[in-house]
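Notes to accompany the following structure.
What follows draws every value from the coordinates through simple rules; no lab data is involved. The structure displayed is predicted, hence computed values, not measured ones. Please note: Cβ atoms are built from the backbone with ideal geometry, for glycine as well, and neighbour counts cover all protein chains shown.
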Amino acid sequence: MQSYRDLKVWQEAMNLAEACYKTTQAFPKVETYGMISQIRRAAASVAANIAEGYGRRTRGEYMQFLYIAQGSLKELETHLLLSIRVELAPSHLITPVFNQCESVSRLLLLLIRSLEK
């Protein structure tokens, strides 16, 4: 593996961030500096932390950044669920993105477990 860009988990995290950006375009404009910003920031943070961890010196540091990415993912899921609850977006728009979150979470856990060995 030459780069973090070769990691499937990073690629899927980037796909997730892209989906979040596209999905939030349908949100009310009044949420530009509220929920839209929170969702986009959390989504970008997942891929960014995977990349940053990859660039660290030790396995322990790498794993710490993967745990931070996992935390950002859970934050993102919470914002997405809240968006449905407060009717910023219909569930049919959010559910596919939420499913992507779960997929990225599984990949992150697999990478973490492989690094623990």
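For the chain, taking the reciprocal of the average inverse distance between every pair of different Cα atoms yields a Kirkwood hydrodynamic radius of 14.4 Å. The residues E75, E102, E116, when put in order of fewest to most other Cβ atoms within 10 Å, stand as E116, E102, E75. Within the same chain, lysines fewer than 8 places from K117 are excluded, and of the rest, those with a Cα less than 27 Å from its Cα are K8, K74. Ordered by the number of other Cβ atoms lying within 10 Å of each residue's own Cβ, fewest first, M35, M63 fall into the sequence M63, M35.
By the count of other C-beta atoms within 10 Å, a proxy for reagent exposure, R40, R85 are ordered fewest to most as R85, R40.
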